[in-house]
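Where a number appears in this text, it was derived from the coordinates with a stated rule and is not lab data. Here the structure is a predicted model, which is why all the values come from computation and not from measurement. No Cβ is skipped: glycine too gets one built from the backbone with ideal geometry, and neighbour counts run over all protein chains shown.
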Amino acid sequence: MVEETRPESLVDQAVPDLALPSSAGGEFRLRGRVGQGPLVLFFYIRGGTPG
């Protein structure tokens, strides 16, 4: 059984240090944004996929 995580339980929790390719050709690291103000992450299902 998969345990459901409620969004409100994630508020003020640390995120893992993700490294993603940046649009400038470098690397974007979440930990590099610490202390630089709010950061909003938005995830969406790719258009045309089920779910």
Once label points are set 7 Å from the Cα along Cα→Cβ at both Thr5 and Tyr44, what is their separation, rounded to one decimal in nm? 2.1
Once phi for every residue in the range 17-32 is put through the Karplus expression 6.51 cos²θ - 1.76 cosθ + 1.60 (θ = phi - 60°), the whole-Hz ³J(HN,Hα) values, with Gly and Pro written as x, are 7, 7, 10, 10, x, 8, 5, 8, x, x, 10, 9, 10, 4, 4, x
Once amide hydrogens are built 1.01 Å from N within the peptide plane, the residues lying 5 or more places from Phe28 or on another chain with amide H under 5 Å from its amide H are Leu20, Ser22
